[in-house]
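Asker: Right, I'll just put the structure down here and ask away after.
The values are calculated or read from the model by the stated rules, or taken from the named source; none is laboratory data. This is a predicted model, so every value here is computed, not measured. Glycine also receives a Cβ, built like all others from the backbone with ideal geometry; neighbour counts cover every protein chain displayed. Surface areas here come from the heavy atoms of the whole protein model, side chains and all, with no ligands, DNA or RNA. Shrake-Rupley method; radii C 1.70, N 1.55, O 1.52, S 1.80 Å.
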Number of protein chains: 2
Amino acid sequence: MGFKRISSDVVYKGKIVTVYKDTVRYDDDGEEAEREYVGHPGSVAMVAHDGERVFLVNQPREPVGEQQVLELPAGKLDVEEEDPLATAKRELAEEIGKSAEDWELLKGPYYASVGFTNEKVWIYLATGLEDAEAEADENERIEIETVPLADLDALIERVVDAKTLIGLELLRTRLQAKG
Amino acid sequence: MGFKRISSDVVYKGKIVTVYKDTVRYDDDGEEAEREYVGHPGSVAMVAHDGERVFLVNQPREPVGEQQVLELPAGKLDVEEEDPLATAKRELAEEIGKSAEDWELLKGPYYASVGFTNEKVWIYLATGLEDAEAEADENERIEIETVPLADLDALIERVVDAKTLIGLELLRTRLQAKG
């Protein structure tokens, strides 16, 4: 059931989006096929909580036409080879003004939408939060929202963003296990 | 914090991927910005189980270079306006050869990757499974795998596909509540 990549071409290169068209050959029957997909540098998202509240952000999301989407603090890897944990630390400071003493990979990398993009996502649990030293605001349109951990079930109901669903569901499982 | 879409242009149109470049204007300061993103017709995924086992599929995923990815049965909406439940019923038959008596929207629509694509995903719980009437195989490279519900925790550890993580985590929560 395996395949080999025979060729890979960039068919569109924009500011954020790069579209590739690859030719692959399947091992079993030798069939060749073209596969079009979107290259992405990868993302991180942080489940940051202080034992009582989880820190989220609200921001306009133009691609989906939503005025406000409630999400985990998150960001893209600056370059494909950037260490995801380094990205996570940088983005946590930039988005919610916090640093964290304890970092744990909660899940990842996983694939955001395996049928059409190579985007990988790493989700970190960030605890032992402290105010970060002053960081330039990456985006003034981001608003911080904190939600009590006691309200996690209702929060998950509200969420419409995939990485946020995954991170908060894993947090819920984690907190239940601790009882 | 709102914005309005001023213009929207297709800058690349491929077989699967359409890239848009929109101009938006923010209500608060009148600033205009260009936003590039990928148009997608939307997806469905099905958490199909018979009370003892959940039905998954393994398939090569060329965009991410993986020979096999373990996923919920899933599929794209044929057209943007297709009823997601109709898509789910069709894809369940095509991918695992089953029909379901009971359908419930487990989550959705949510956004797969809100920063760069408008892809929406609907996840359905499909129970009361029966063998479907003969359906043409959509893709002969799909292999069905069933996993006992008792092994759900270990299964979730293995999964690297976002929609599958979300669906199986919600199933776990559901089964615990009934527990």
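Asker: List, shortest first and in nm to one decimal, how far the label point of B:Gln176 (7 Å from Cα along Cα→Cβ) is from its counterparts in the other copies.
Answerer: B:Gln176 label point versus its equivalents elsewhere: 0.3 nm.
Asker: Right, something else. Once the label point is set 7 Å along the Cα-to-beta-carbon vector, what list of distances in nm do you get between A:Gln68 and its counterparts in the other copies?
Answerer: Copy-to-copy label distances at A:Gln68, shortest first: 4.6 nm.
Asker: Suppose every K and R has +1 on its Cβ and every D and E has -1 on its Cβ; what is the size of the dipole of the protein assembly as shown about the Cα centre, in Debye to the nearest 20?
Answerer: 60
Asker: Continuing with this model, one more query. Identify which of B:Tyr110, B:Tyr124, B:Tyr26 has the largest mean-square fluctuation in a Gaussian network model of chain B, with springs joining Cα atoms closer than 10 Å.
Answerer: Maximum fluctuation in the GNM of chain B, among the listed residues, is at B:Tyr26.
Asker: For B:Ile6, A:Ile123, what's the largest-to-smallest order of accessible area, 1.4 Å probe?
Answerer: The ranking, largest first, comes out as B:Ile6, A:Ile123.
Asker: Which distances in nm, rounded to one decimal and ordered from shortest, link the label point of B:Ala150 to the equivalent label points in the other identical copies, with labels set 7 Å from Cα toward Cβ?
Answerer: Its label point is 3.8 nm from the equivalent points in the other copies.
Asker: Placing +1 on the Cβ of each Lys and Arg and -1 on the Cβ of each Asp and Glu in chain A, which of A:Ala48, A:Val38, A:Gly128 has its Cα farthest towards the positive end of the resulting dipole?
Answerer: Going by the Cα projections, it comes out as A:Val38.
Asker: Quick one, what does Rg over Rh come out to for segment B:90-152 if you take C-alpha atoms and the Kirkwood Rh?
Answerer: When Rh is taken as the Kirkwood radius, the ratio is 1.03.
Asker: If you look at just the Cα atoms of the protein assembly as shown, how large are its Rg and its Dmax in Å?
Answerer: Considering the protein assembly as shown through its Cα atoms, Rg and Dmax are 20.4, 63 Å.
Asker: What is the Cα coordinate range of chain B on the first, second and third principal axes, sorted by size from largest, in whole angstrom?
Answerer: 56, 38, 31 Å, listed from the longest principal axis down.
Asker: Continuing with this model, one more query. At 1.4 Å probe size, with no ligands or nucleic acids counted, give the accessible surface of B:Arg90 in Å², nearest ten.
Answerer: The accessible area of B:Arg90 comes to roughly 60 Å².
Asker: How much accessible area does A:Lys98 have with a 1.4 Å probe, in Å² rounded to the nearest 10?
Answerer: Probe radius 1.4 Å; accessible area of A:Lys98 about 40 Å².
Asker: So, taking all protein chains as they sit and a 1.4 Å probe, how much accessible area belongs to A:Asp102, in Å² rounded to tens?
Answerer: A:Asp102 exposes around 80 Å² with every protein chain in place.
Asker: Once you mark the GluC sites (Glu not before Pro) that are in a DSSP loop and have at most 16 other Cβ atoms within 10 Å, what is the longest gap between them in chain B?
Answerer: B:83-132
Asker: Also, quick follow-up: Given the rule -39500 (n - 2.57) for each run of at least 4 DSSP H residues, summed and divided by the residues of chain A, what is its mean residue ellipticity at 222 nm, to the nearest 500 deg cm²/dmol?
Answerer: -6500 deg cm²/dmol
Asker: In addition: Using Cα pairs under 8 angstrom and six or more residues apart, how large is the relative contact order of chain B, in percent?
Answerer: It comes to 22 percent, rounded to a whole number.
Asker: What is the average number of partner chain Cβ atoms found within 10 Å of a Cβ in A:20-33?
Answerer: 2
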